[in-house]
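The values are calculated or read from the model by the stated rules, or taken from the named source; none is laboratory data. Note that the structure is a prediction, hence the values are computed from the model and not measured. Every residue, glycine as well, gets a Cβ built from its backbone with ideal geometry; the counts of neighbours run over all protein chains shown.
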Amino acid sequence: MKKEKLVILDSHALIHRAYHAVPPLTSPKGENVGAVYGFASILMRVIKELKPDYILAAFDSAGPTFRHKEFEMYKANRPEVDIDLVNQFDLVKEIVTAFGIPVLAKTGFEADDIVGTVVERLKNKKDLEKIIVTGDMDTLQLIDNDTIKVYTLRKGVTDTVIYDEASVKERFEGLMPDQMIDYKGLKGDPSDNIPGVPGVGEKTAISLLQNYKNLEELYQNLDKDKKIKPPLKEKLAKFKNQAFLSRQLATISRDAPVEFGLKESKLVIDAEKVKNVFNRFGFRSLVNRLDGLLGKVESVSEVQGQLLASVEDDLKDYLDRKIFSQKIYELEKKLTPVLRKIEQRGFLVDIKVLNNLSRKIAQELVQIKIKVKELSGEDFNLNSTQELGRIIFEKLNLGVGSKIKKTKKGAFSTAFEELEKLKGAHPIIPLMLRWRELSKLQSTYVEALPRLVSPADGRIHTSFKQLGAVTGRLASENPNLQNIPTKGAYGTEIRTAFVAPPGFLILAVDYSQIELRVAAAMSGDEKMIETFKRGEDIHTRTAAEVFNVEPAEVTKEMRREAKSLNFGILYGMGPKSFAQSTGLGLAEAKEFFQKYRDNFPGLILFMEDMKRLGRSRGYVETLWGRRRYLDDLKSPNPMLRASAERMAINMPVQGTATGDVVKAAMVELDGQFSQADDIAMILQVHDEIVFEVKNASVNKYAPVIKKIMENIIDLPVPLVVEMEVGPNWGELKKL
């Protein structure tokens with residue numbers, strides 16, 4: 001028997017998330033409605049994706065809650081809520097009411113408590129699936145693997161994830177949903193001013209609760225457990241009462257005095273009422289989306305059609321919110337079916353290659369473990385950062401006088417970049433760096449990829465997030481094929497597992513230095529433009545200018561430093577970061593920067609213009625009108641402001657290059673080859689497009705691809721593509 005489905009909206013958390021994710025919008029009456037729009041978008045997505053039979057909306061009530069009586073400082077560190085946000089809560093209730101959704105609230109209780117009460121009262125209805133929709137992870141404690149799940153937002157208002165018992169265990173390394181309150185009892189929650197135990201962070205809290213089910217068990221065994229280090233024992237003992245209080249504050253009430261009926265929460269949408277309220281707020285794109293909510297999906301083709309419609313809805317949102325120009329909207333609209341074709345085609349994988357590689361890596365890991373044991377004088381868990389820190393910094397005493405960063409708890413960090421600083425200090429360091437590199441390759445790629453190969457066709461079918469990055473760049477997930485290593489230990493060997501089918505070859509085509517070419521075009525820097533027009537290597541030319549030598553005299557080291565500077569400038573790198581990345585002294589790095597500024601004044605002026613325009617307009621944009629809103633350009637916080645300034649410089653360039661240009665090329669190429677059976681686009685990786693081409697057709701299609709990609713946009717500098725071909729993705733040769 002098919003279960004019915006109830007959705008409970010944690011409205012307060014959703015409104016807050018929407019407010020911070022959506023650019024400012026005003027209604028025809030001049031009301032601020034950005035949060036209202038974001039909430040309505042989330043609600044429509046939830047109805048479309050989850051198809052609930054029933055729906056309820058829980059809201060906070062004004063004034064203190066029972067938690068304030070238990071702990072006066074509860075939520076005391078939160079800044080005063082923006083009046084623009086406060087004014088939108090009642091407007092959101094207009095949306096909820098128009099959809100016919102009952103509103104639940106009770107003085108003295110938070111929306112979480114209302115949600116907890118609803119699921120508790122309905123817990124015995126096993127034929128009813130309960131899904132909590134929220135903007136945070138506070139309600140994970142309510143999950144019951146049979147009937148209660150949590151649908152939450154990862155970032156923005158479109159990136160979502162559903163948590164059940166298994167995904168909670170995966171996210172929190174084995175912890176169960178009912179341990180989430182003990183987890184917060186130890187770790188605390190700064191956003192709600194729940195103190196927890198000072199000095200206990202996520203890793204420590206998880207580690208303790210992996211061994212003990214709850215706080216009671218932990219404290220019963222605290223004195224006896226020799227694995228818990230004395231300083232941590234002291235903290236836990238000293239702040240025992242605070243840990244239990246924190247758990248109490250984090251525990252969602254399940255007995256709030258609210259009344260509701262399942263029958264009254266049956267979802268029946270009155271389209272006219274909803275359209276009227278959308279029109280009142282000026283949400284034209286949402287009016288257009290509404291009809292899509294009212295039908296039922298009954299076939300695979302209809303499901304695929306609905307997925308396309310869902311993306312189309314998001315694209316209309318972006319157009320309506322002026323994140324997209326009309327040109328970008330039309331481009332993205334054409335791209336959607338192209339991406340679906342690539343996903344369905346997939347990339348053929350030779351699992352034997354990965355299995356052989358797995359055995360090879362496992363053997364090397366065993367040898368590393370043996371050597372590390374010999375050098376350290378003891379057998380320890382190489383994956384434990386605490387154990388490794390004890391060996392390196394206490395037993396071997398390697399951190400003395402070094403510039404190793406410390407963790408928040410005051411211990412020396414064992415992060416990869418910190419260990420690299422100790423590379424020459426002891427032979428154990430390069431072994432641990434190699435262990436980290438190989439372990440990551442083994443778990444992330446070599447062992448994981450075979451499990452993702454479809455048994456139906458032997459291919460991996462990634463999913464593209466068309467709106468996954470604010471720059472417009474495509475993102476890939478399940479699995480992320482854009483992150484397959486290109487260099488390093490076994491990186492190339494992993495790529496050799498991605499193969500062409502019999503009678504075909506892999507053809508990889510990528511834009512050469514596209515971001516720098518776009519930067520030259522957008523900035524109008526004369527020296528950069530002339531360099532590209534002459535067909536010179538931009539890094540060699542930069543080195544020649546900065547080092548004041550002829551291009552023929554530029555060494556590999558000079559070019560490497562110039563390359564780091566060219567790309568670093570676009571990503572907002574300063575002299576200090578440049579010094580760290582190249583090994584130069586700070587004074588020498590500053591001299592490099594000044595010479596660069598002197599030689600490429602057009603680019604430097606462009607960068608300053610982007611920051612200035614971003615501050616005055618509130619956004620920056622690509623050549624074709626893809627926008628990024630940057631409120632933090634006016635932030636009083638220097639770190640936030642500096643970060644926003646880097647984004648203001650980088651986004652127009654990267655967005656134009658790997659967002660607009662590459663996507664336009666994909667659309668054009670798909671149109672060119674849509675009827676061909678001897679070529680198929682199978683992957684996109686930033687500035688690279690990968691094809692599967694019949695052996696005999698490579699020479700026929702290569703010049704066509706080259707012409708399309710190099711002429712997709714009219715710039716004052718030439719775009720250049722480089723082509724490689726081979727039997728697999730790891731063994732390609734220049735065409």
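Here are some notes:
- Selection from region 304-331 of residues that are in a helix (DSSP H, G or I) and either modelled with pLDDT of 95 or more or of a type in the set (F, W, Y) (or both): Y318, Q326, K327, I328, Y329, E330, L331
- Screening region 217-286 for helices (runs of 4 or more DSSP H) wholly inside it with 2 or more residues that are in the same structural domain as L91 (by TED's automatic domain parsing), in contact with a strand residue (DSSP E or B) (Cβ under 9 Å, 6 or more places away or on another chain) and at pLDDT below 90 returns the ranges 240-250.
- Residue among I15, I47 that is surrounded by 23 or more Cβ atoms within 10 Å (Cβ to Cβ) and not polar (S, T, N, Q): I15
- Restricting region 718-733 to residues that are within 24 Å of V349 (Cα to Cα) and not in a strand (DSSP E or B), the residue that is farthest from the chain's Cα centre (by Cα): P727
- Of the helices (runs of 4 or more DSSP H) lying entirely inside region 70-174, those carrying at least 2 residues that are modelled with pLDDT of 90 or more are 83-98, 111-121.
- Residue selected from region 318-352 under the condition touching a Phe, Trp or Tyr at 6+ places or on another chain (Cβ under 9 Å) and among the β-branched types (V, I, T), by the criterion farthest from Y37 (Cα to Cα): V349
- Condition check for E493: of a type in the set (D, E, K, R) and more than 22 Å from A648 (Cβ to Cβ): yes
- Matching residues in region 449-483 - criterion: being over 18 Å from A664 (Cβ atoms) and of a type in the set (S, T, N, Q): S454, T462, S463, S476, N478, N480, Q482, N483
- Output for region 333-374, where each listed residue is out of contact with any Lys or Arg (no Cβ under 8 Å at 6 or more places or on another chain) and within 28 Å of A676 (Cβ to Cβ): K333, K334, T336, P337, V338, L339, R340, K341, I342, E343, Q344, D350
- Close pairs from region 662-676: first at pLDDT 95 or above, partner basic (K, R), Cβ under 6 Å, at least 6 apart: V667/K334
- Residue check, T147 farther than 16 Å from F260 by Cβ and under 26 Å from the mean Cα position of the chain (by Cα): no
- Residue that is farthest from the chain's Cα centre (by Cα) [pool: residues in region 244-276 that are over 30 Å from V287 (Cβ atoms) and of a type in the set (D, E, K, R)]: E259
- Check on F673, out of contact with any Lys or Arg (no Cβ under 6 Å at 6 or more places or on another chain), within 21 Å of Q482 (Cα to Cα) and of a type in the set (F, W, Y): no
- Top-ranked residue of region 421-465 - restricted to ones that are without any contact (Cβ under 8 Å) to a residue 24 or more places away in the chain and part of a loop (DSSP other than H, G, I, E, B), ranked as surrounded by the most Cβ atoms within 10 Å (Cβ to Cβ): K421
- When residues of region 511-536 are limited to those that are surrounded by 18 or more Cβ atoms within 10 Å (Cβ to Cβ) and of a type in the set (D, E), the one nearest to K707 (Cα to Cα): E515
- The residue that is farthest from N145 (Cα to Cα), counting only those in region 173-206 that are of a type in the set (G, A, S) and surrounded by 20 or more Cβ atoms within 10 Å (Cβ to Cβ), is G196.
- Taking region 346-390 as the range and being in contact with a helix residue (DSSP H, G or I) (Cβ under 6 Å, 6 or more places away or on another chain), buried (at least 16 other Cβ atoms within 10 Å of the Cβ), within 30 Å of Q684 (Cα to Cα) and of a type in the set (A, V, I, L, M, F, W, C) as the test, the residues that pass are L354, L357, I361.
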